[in-house]
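Enquirer: This is the structure I have questions about; it appears just below.
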Amino acid sequence: MALETTSKKELPYSTEAEKAVLGGIMLKNETWDIISGLVKEEDFHKEEHRLIYRTIHDLQDAGKPIDVITVQEAIEGNGDLPKLINSGGKDYLTLLAKETPSVANIQSYADIIKQRSNLRRLIIAADNISKIAKESDASGSDKIIDEAEESILSLRDDLNRSAGPQEVKDLLGPVYADIQEISESGSPLIGLSTGFTAIDDLTLGFQKSDLIIIAARPSMGKTAFAFNIAENVARQTDQTVLIFSMEMSSDQVVRRFISSISNIDLQRLMRGQLADTDWQGIDKALSVLSKKKILLDDTPALSPLRLRLEQEELKERAAISQ
């Protein structure tokens with residue numbers, strides 16, 4: 001790994017990988033479809049390589065062929081040729097094409113570029129966080145922590161982002177297998193059952209990547225409904241259920257679950273107005289809940305960023321599914 005010192009901090013990059021990707025695109029234009037979804041201009045460390053990549057991008061957008069000559073003409077036409085002087089001027093483009101190890105490995109070279117770019121961004125983000133922390137007083141620590149978390153999350157987003165458009169033919173196999181599995185299962189649902197038939201009929205069950213919003217006027221039972229769904233999913237599956245409750249404490253949520261499972265009126269349960277026969281239902285509820293994976297977080301005024309960080313951390317620990 002090559003290293004460059006900037007502001008007394010070593011930044012990682014790979015000149016060889018950058019040269020191989022640029023040379024590979026000029027030798028085989030079809031590789032652009034792969035590379036454009038993996039790396040961006042700013043992922044290249046060397047300024048001259050950013051210039052060449054940007055020029056290739058412009059030629060592609062214009063529907064023009066990409067090779068050593070067309071890239072050279074475009075750079076010269078834009079008046080940017082002096083920016084390549086330190087690397088060898090016009091001859092540098094020819095050198096890139098000649099020294100490309102293998103176009104077949106271009107995706108691996110692009111992965112190296114992206115990895116080095118992510119490391120540089122992480123180092124720079126850490127430096128900025130350190131600088132802000134040193135220049136701020138203790139009263140602003142919460143804001144600094146939020147900003148630090150947000151900058152790290154932006155890196156994670158980039159890592160998790162799709163590699164670009166996919167051809168339909170590449171999706172046919174997985175989709176067919178999914179259809180076949182659903183058909184053989186005999187289930188009318190393709191996602192998690194909510195425990196409410198009418199809702200399941202509309203949604204076909206809650207599925208990964210779904211955003212489900214429960215909306216209604218105040219005091220219409222939205223919270224109770226959401227808890228009922230969480231309870232049903234936990235009871236009917238082996239899935240872990242994560243609940244962020246900003247309106248009531250974890251103890252109150254647990255009492256709601258006990259009330260629902262035992263069929264005891266919540267107000268009576270809260271007041272302790274219980275008949276002798278109620279204890280059997282409570283024991284049953286405790287037994288059911290003790291065997292299920294339900295996680296509660298009752299942090300008040302939880303910010304969207306903090307909520308997401310909590311969820312990401314649990315995913316990393318495999319405590320909840322992706």
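Computed from the coordinates by the stated procedures, all read-outs in this text should not be read as laboratory data. Computed from a predicted structure; not experimentally measured. We place every Cβ from the backbone using ideal geometry, glycine too, and count neighbours over all the protein chains shown.
Enquirer: What's the local net charge at Gln239, with K and R +1, D and E -1, over the other residues with C-beta under 15 Å away? Write down the numbers at each step before the final one.
Expert: Working: positive: Lys208, Arg235, Lys291, Lys292, Lys293, Lys315; negative: Asp210, Glu231, Asp238.
In short, +3.
Enquirer: A further question follows. Would you mind classifying the stretch 249-321 by shape? Square roots of the alpha carbon gyration tensor eigenvalues, ordered a ≥ b ≥ c; an a/c under 1.5 is rounded, otherwise it is prolate if a/b is larger than b/c and oblate if not.
Expert: Since a/c reaches 1.5 but b/c is at least a/b, the shape of the stretch 249-321 is classed as oblate.
Enquirer: Which value at 222 nm does the chain reach when only helices count, each DSSP H run of 4 or more adding -39,500 (n - 2.57), with the total divided by all residues and rounded to the nearest 500 deg cm²/dmol?
Expert: On the way: 14 runs with 186 residues, N = 322.
For the chain, the value works out to -18500 deg cm²/dmol.
Enquirer: Now for a different question. Between (i) -0.64, -0.74, -0.83; (ii) -0.73, -0.82, -0.91; (iii) -0.85, -0.93, -1.01, which matches log10 I(q)/I(0) by the Debye sum over Cα atoms at q = 0.10, 0.11, 0.12 Å⁻¹ calculated for the structure shown?
Expert: Structure-derived value, by its label: (iii).
Enquirer: If you take the square roots of the eigenvalues of the alpha-carbon gyration tensor of the stretch 2-160 and sort them as a ≥ b ≥ c, do you get rounded (a/c under 1.5), prolate (a/b over b/c) or oblate?
Expert: Numbers: a/c = 2.43, a/b = 2.08, b/c = 1.17.
It comes out prolate by the Cα gyration axes.
Enquirer: Roughly what % antiparallel, to the nearest 5, for the DSSP beta bridges in the chain?
Expert: Details: 6 of 10 bridges.
If we restrict to bridges inside the chain, about 60 percent are antiparallel.
Enquirer: Give the distance, in whole Å, between the Cα centre of the stretch 113-143 and the Cα centre of the stretch 40-91.
Expert: 32 Å
Enquirer: Net charge within 12 Å of Lys292 by Cβ-Cβ distance, Lys/Arg positive one each and Asp/Glu negative one each, not counting Lys292 itself?
Expert: Numbers: positive: Arg235, Lys291, Lys293; negative: Glu231, Asp238.
Once all neighbours under 12 Å are counted, the net charge is +1.
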